[in-house]
Amino acid sequence: MENRPSNVPVTINVNGNALSAEVEPRTLLALFLRDDLHLTGTHIGCDTSNCGACTVLLDGDAVKSCTVLAVQADGRDITTIEGVAGDDGSFSAVQEGFRQEHGLQCGYCTPGMIMAATALLADNPNPSEHDIRHNLEGNLCRCTGYQMIVNSVRWAAENPDGVSVSVGGQGAHS
Amino acid sequence: MSLVGAKVLRKEDPNLITGRGQFVDDLSPAGTAYVAFVRSNEAHGRITNVDTAEAVAMQGVLAVWTASDVADLPGLGVPGLERPLLAADKVRFVGESIAVVVAETRAQAVDAAEAVLVDIDPLPASPTIQSAIAEGAAPLDENVGANVIFMLPIEDPDIDPALAAAPRRLSTRMENNRCVPTPIETNVVLADWGPSGLTLWATHQAPHHLRNTVATYFGLAQDTTRVITPDVGGGFGAKINFTPDLFLVPALSRALRRPVKYTQTRSENVLMMYHGRAQEVDIDVGFDDDGSLLALKVDVYQDNGAYADPTGMGLPALTTTMAAGCYKIPKVAVGWKNILTNATPVAAYRGAGRPEAAFYIERIVDMVADELGLDPVEIRRRNFIPEDEFPYATHSEIAVYDSGNFAGALDELLNIMDYPALVQEKAAAIDDPTKPLLGIGFATWLEIAAFGPPGALEGFGHLASWESGQVRVQPDGSAIIYTGASPHGQGTVTTLAQIAADELGIDFDKISVRHGDTATVVQGIGTMGSRATAVAGESVKQAATKVTEKAKLIAAHLLEANPEDIEVNDDAFSVKGTPAKSVPWSEVAWKSFQNLELPEGVDPGSLESTVHNAPPNFSFPSGAYGCVVEIDKMSGDTRVRDMYLVDDCGTVINPLLAEGQVHGGVAQGIAQALYEKMEYDANGQPLTATLVDYLVPGAPDLPTYTSSRTTTVTPNNSLGAKGIGESGSVGAPPAVVNAAVDALSHLGVRHINMPLTPQKIFSLLHEGGA
């Protein structure tokens with residue numbers, strides 16, 4: 001037990017910043033992001049790769065960061081929920097869609113949902129309801145029953161530029 | 001413009017969609033140490049040895065505790081049936097905590113926990129109701145000596161004669177499957193016990209209740225005990241309970257003099273978070289040839305799991321209270337048994353006793369209709385409590401139905417679903433090899449909500465049953481609302497701000513709502529039992545009204561007018577009939593703190609108010625759901641194709657959020673009906689202990705909902721709101737099962753216990769029965 005392999009240096013490009021660290025080889029990317037980089041927007045909801053709460057983008061593809069070792073991300077690009085909004089704080093179309101269509105309740109699965117939906121729309125800018133449901137199959141939500149998540153992704157597809165909203169600003173929905 | 005009733009976007013969302021929410025596991029104060037547990041892999045047995053020597057010596061390990069280290073800490077739960085913090089000489093379910101390890105890192109804690117060696121001599125296990133009550137079953141608690149720990153016999157002497165006198169009679173036994181609540185955030189506890197007191201961050205639905213309990217438990221004063229429930233990732237009732245880790249983690253922090261955090265894994269969560277439902281029931285119903293229900297006898301067997309929880313023991317009381325649903329039945333008698341089993345303890349899960357009641361009575365009504373060849377819609381109409389008979393006293397002292405229009409909801413359901421066309425489609429599908437079997441099911445359900453009136457929650461250990469609402473106007477004319485509700489996804493921050501904005505006349509954007517911290521919120525009970533809008537919302541409304549009345553005194557002084565002539569709108573006070581004569585809220589607020597600006601008799605800082613609202617009665621939300629299922633004729637795969645939903649929750653504060661609550665509850669109801677059941681083998685080994693085996697539905701598994709609403713207000717609060725948090729989980733399971741039984745009725749199927757797995761349905765299709 002005491003003879004663990006020594007730590008390994010990694011350099012990972014996280015949300016546009018190249019970050020270097022020494023990690024235990026067994027460290028999951030999800031825990032590296034949360035515990036070492038303090039990027040706690042990436043959530044962990046299971047230990048069997050079923051829930052998708054930890055979904056991030058790895059070189060643009062949606063991956064469950066609990067199934068990737070930090071060392072496997074060495075030299076690659078990671079985007080987390082913290083890297084989705086614009087530099088001015090404006091929400092991405094997917095973020096705004098979730099807000100407009102009530103695509104979240106407790107918000108715990110939401111970062112993973114937003115990352116998975118972001119990857120989906122990059123591949124398929126105009127997904128049908130069927131496409132959305134099946135592409136989000138690996139992301140569990142216990143609060144919404146999914147219909148409003150589907151609506152949120154459709155909103156983002158129909159409003160690819162999102163809308164400009166100051167953080168904290170509110171408005172009547174209709 | 002009134003904001004009550006408007007589709008307002010949520011104040012909660014900007015943080016949550018940017019990863020800036022703060023859930024308990026996101027917090028790690030400097031010096032935090034990490035916890036891992038050693039758990040029982042036997043369902044029932046005697047602990048003969050726990051060897052911690054290797055673990056204690058491992059790198060980074062700060063403490064390894066077993067039962068002897070917590071001998072001075074009392075067990076939890078029901079007196080005489082306490083649940084120990086760590087199992088001492090016996091284990092009673094798989095997953096029960098035996099030892100706890102604290103280390104510098106999570107990984108070190110987990111490594112050391114794996115190095116603890118535990119020897120258990122197995123005992124015969126009783127993981128189900130039937131095995132636990134069987135002749136000769138080993139008692140879980142030798143001091144009690146029997147696994148039936150409480151029993152309310154059916155003593156009404158009139159019930160059997162009433163059943164015997166009925167022209168027709170039907171008896172049946174049904175199950176209500178054991179469900180795992182599965183919020184996507186597991187339980188997390190972070191404790192920092194320093195010289196000046198204890199701060200406890202917890203994934204909990206009732207922070208003040210937890211604060212009061214933890215303080216009493218450790219003999220701490222409440223003023224130095226602070227509980228914070230920051231963002232909480234779903235609860236569904238399962239985060240009301242007091243699990244051992246809520247007490248162990250503070251004790252470890254006290255001993256180690258540093259912050260200590262426990263983050264439950266999902267596999268631990270499936271075993272450790274209180275489960276829900278887990279009932280069986282014997283029902284006798286008497287009726288006549290027209291389908292009028294005449295007498296109903298309901299005897300509930302409640303599986304309490306390995307340790308009795310006060311809420312878990314109360315579940316059959318809630319089920320039997322609501323046993324007659326929305327029907328006028330002249331004679332109803334009920335009873336129940338609470339039963340210990342070698343399985344995870346059982347307590348509240350979304351609906352808590354009411355989904356079970358609705359399932360039983362809605363299945364019974366369909367069975368009676370089937371017996372008589374009556375349409376399921378028609379038999380419901382014949383038995384509804386008429387609209388003009390409210391308030392309606394039931395067989396239960398607890399339940400006096402406040403208001404309802406059951407026929408109106410059913411009418412609306414038939415407006416949004418084309419029943420005659422579906423009946424034709426169903427008939428045509430039976431012999432069409434290209435089509436799946438189709439079934440149509442109804443549920444006209446009723447539940448009890450808005451907990452509660454005085455006495456409603458005290459029996460479950462709460463301080464009281466009111467909810468607090470405090471309004472404090474800031475010097476700039478913005479306002480902060482403090483609520484004792486502790487939302488974890490419901491959107492209560494937004495709905496309370498809507499309610500306050502209407503009463504105060506302050507712009508919605510200038511109203512914040514704070515919750516989940518005993519250091520800032522005066523007192524509170526929490527979020528459970530569909531109470532936030534009806535009970536907490538009314539307290540905020542009343543507090544805001546009081547503040548507005550006081551502000552009018554100041555505005556009148558500044559405008560040199562009579563207080564009775566002052567009105568407030570759009571962030572300003574003005575004189576009725578002379579709108580030009582006005583003063584902005586910001587000026588009134590600023591001057592409300594300045595002695596020199598105030599009228600005689602008004603103190604500075606007066607623009608705040610606290611109300612503890614105790615409603616006079618429960619509310620009874622209701623609705624009519626229609627479900628269309630498709631069953632694959634070959635595989636038995638059953639899917640919900642269409643779900644038609646009519647809810648009546650009285651006044652709706654925010655239709656977007658109300659709809660979200662319905663969707664989520666219905667999703668959990670469909671999940672119970674089709675997918676979810678915690679299964680154990682005969683030795684009490686869990687067979688569904690991860691999300692690989694326990695099927696929480698994903699987006700492709702659930703339908704698109706068609707929804708509508710009827711509005712029957714409650715007289716219990718001035719908003720007219722009844723509550724909506726649990727409705728969907730009450731109405732959906734019977735609608736789905738009624739539809740599936742309808743689809744298979746030509747094969748002679750009369751009932752199927754949940755979940756409707758493909759194996760069960762395959763067997764009914766091809767092997768003549770399960």
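The values are calculated or read from the model by the stated rules, or taken from the named source; none is laboratory data. Quick caveat: nothing in here was measured; it's all calculated off a predicted structure. Note that each Cβ is placed from the backbone with ideal geometry, even for glycine, and that neighbours are counted across all protein chains shown. Keep in mind that these areas ignore ligands, DNA and RNA; they rest on the heavy atoms of the full protein, side chains included. Shrake-Rupley method; radii C 1.70, N 1.55, O 1.52, S 1.80 Å.
Quick look at the numbers
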read-out	value
Number of positions in the range B:423-449 that are of a type outside the set (A, V, I, L, M, F, W, C) and either open to solvent by less than 10 Å² (accessible area, probe 1.4 Å) or assigned by TED's automatic domain parsing to the domain that holds residue B:587 (or both)	4
Subset tally (residues that are in a helix (DSSP H, G or I) and open to solvent by 10 Å² or more (accessible area, probe 1.4 Å)) for the range A:73-93	3
Leading residue by the ranking (farthest from the other protein chains (Cβ to nearest Cβ)) among those in the range A:49-62 that are open to solvent by less than 50 Å² (accessible area, probe 1.4 Å) and out of contact with any helix residue (DSSP H, G or I) (no Cβ under 7 Å at 6 or more places or on another chain)	A:49
Verdict on residue A:128 being surrounded by fewer than 20 Cβ atoms within 10 Å (Cβ to Cβ), farther than 29 Å from residue A:38 by Cβ and of a type in the set (Gly, Ala, Ser)	yes
Failed condition for residue B:46, given (1) closer than 21 Å to residue B:187 by Cα; (2) more than 14 Å from chain A (Cβ to nearest Cβ)	(1)
Where a residue in the range B:105-126 is within 14 Å of chain A (Cβ to nearest Cβ) and its partner, wherever it lies, is in a strand (DSSP E or B) and surrounded by fewer than 16 Cβ atoms within 10 Å (Cβ to Cβ), with Cβ under 6 Å and at least six apart	B:117/B:51
Residue in the range B:17-24 that is under 33 Å from the mean Cα position of the chain (by Cα), in contact (Cβ under 8 Å) with a residue 40 or more places away in the chain and more than 13 Å from chain A (Cβ to nearest Cβ) present	no
Residue under evaluation residue A:138, criteria (1) more than 7 Å from chain B (Cβ to nearest Cβ); (2) within 24 Å of residue B:695 (Cβ to Cβ); (3) open to solvent by 10 Å² or more (accessible area, probe 1.4 Å); (4) assigned to a helix (DSSP H, G or I), criterion not met	(4)
Some residue of the range B:450-463 being in a strand (DSSP E or B), buried (at least 24 other Cβ atoms within 10 Å of the Cβ) and touching a Phe, Trp or Tyr at 6+ places or on another chain (Cβ under 9 Å)	no
The range B:474-498, residues that are open to solvent by 10 Å² or more (accessible area, probe 1.4 Å) and more than 14 Å from chain A (Cβ to nearest Cβ)	B:474, B:475, B:476, B:480, B:482
Residue B:682, sole failed condition from (1) buried (at least 22 other Cβ atoms within 10 Å of the Cβ); (2) over 24 Å from the mean Cα position of the chain (by Cα)	(1)
Any hit, the range B:221-235, residues being assigned to a helix (DSSP H, G or I), touching a residue at least 40 places away in the same chain (Cβ under 8 Å), in contact with a strand residue (DSSP E or B) (Cβ under 9 Å, 6 or more places away or on another chain) and more than 14 Å from chain A (Cβ to nearest Cβ)	no
Residue B:665 being under 25 Å from residue B:9 (Cβ atoms) and buried (at least 24 other Cβ atoms within 10 Å of the Cβ)	yes
Matching residues, the range B:509-526, being more than 19 Å from residue B:201 (Cβ to Cβ), modelled with pLDDT of 95 or more and touching a strand residue (DSSP E or B) at 6+ places or on another chain (Cβ under 7 Å)	B:510, B:511, B:512, B:513, B:523, B:525
Neighbours by Cβ (under 9 Å, 6+ apart or cross-chain): first from the range B:365-394, assigned by TED's automatic domain parsing to the domain that holds residue B:746; second in a strand (DSSP E or B) and open to solvent by 60 Å² or more (accessible area, probe 1.4 Å)	B:368/B:168; B:371/B:168; B:372/B:168
Residues being open to solvent by 20 Å² or more (accessible area, probe 1.4 Å), under 25 Å from residue B:629 (Cα atoms) and small (Gly, Ala, Ser) - total across the range B:694-724	2
Filter result for residue B:544 (of a type in the set (A, V, I, L, M, F, W, C) and surrounded by 16 or more Cβ atoms within 10 Å (Cβ to Cβ))	yes
In the range B:499-521, residue most open to solvent (accessible area, probe 1.4 Å) [restricted to those that are closer than 18 Å to residue B:6 by Cα, in a loop (DSSP other than H, G, I, E, B) and not aliphatic (A, V, I, L, M)]	B:507
Filtered residue count, the range B:37-52, keeping only those that are over 19 Å from residue B:105 (Cα atoms) and either assigned to a loop (DSSP other than H, G, I, E, B) or hydrophobic (A, V, I, L, M, F, W, C) (or both)	7
Residue within the range A:63-73 that is within 11 Å of chain B (Cβ to nearest Cβ) and touching a strand residue (DSSP E or B) at 6+ places or on another chain (Cβ under 9 Å) present	yes
Residue satisfying all of: in the range B:647-662; within 13 Å of chain A (Cβ to nearest Cβ) and of a type in the set (A, V, I, L, M, F, W, C); surrounded by the fewest Cβ atoms within 10 Å (Cβ to Cβ) among these	B:656
Top-ranked residue in the range B:226-283 [being closer than 16 Å to residue B:85 by Cα and of a type in the set (Gly, Ala, Ser); ranked as surrounded by the most Cβ atoms within 10 Å (Cβ to Cβ)]	B:253
The range B:631-646: number of residues that are open to solvent by less than 10 Å² (accessible area, probe 1.4 Å) and within 14 Å of another protein chain (Cβ to nearest Cβ)	3
Lone unmet requirement of (1) hydrophobic (A, V, I, L, M, F, W, C); (2) in the same structural domain as residue B:679 (by TED's automatic domain parsing); (3) crowded, with 21+ Cβ neighbours inside 10 Å; (4) within 30 Å of residue B:684 (Cα to Cα) for residue B:343	(2)
Qualifying residue in the range B:22-31 (condition: open to solvent by 10 Å² or more (accessible area, probe 1.4 Å) and of a type in the set (Phe, Trp, Tyr))	no
Condition check for residue A:102: open to solvent by 30 Å² or more (accessible area, probe 1.4 Å), at positive phi and within 14 Å of chain B (Cβ to nearest Cβ)	no
Residue in the range B:189-201 that is in contact with a helix residue (DSSP H, G or I) (Cβ under 9 Å, 6 or more places away or on another chain), among the acidic types (Asp, Glu) and over 22 Å from residue B:686 (Cβ atoms) present	yes
Options B:738, B:717; residue that is of a type outside the set (Phe, Trp, Tyr), more than 10 Å from chain A (Cβ to nearest Cβ) and assigned to a loop (DSSP other than H, G, I, E, B)	B:717
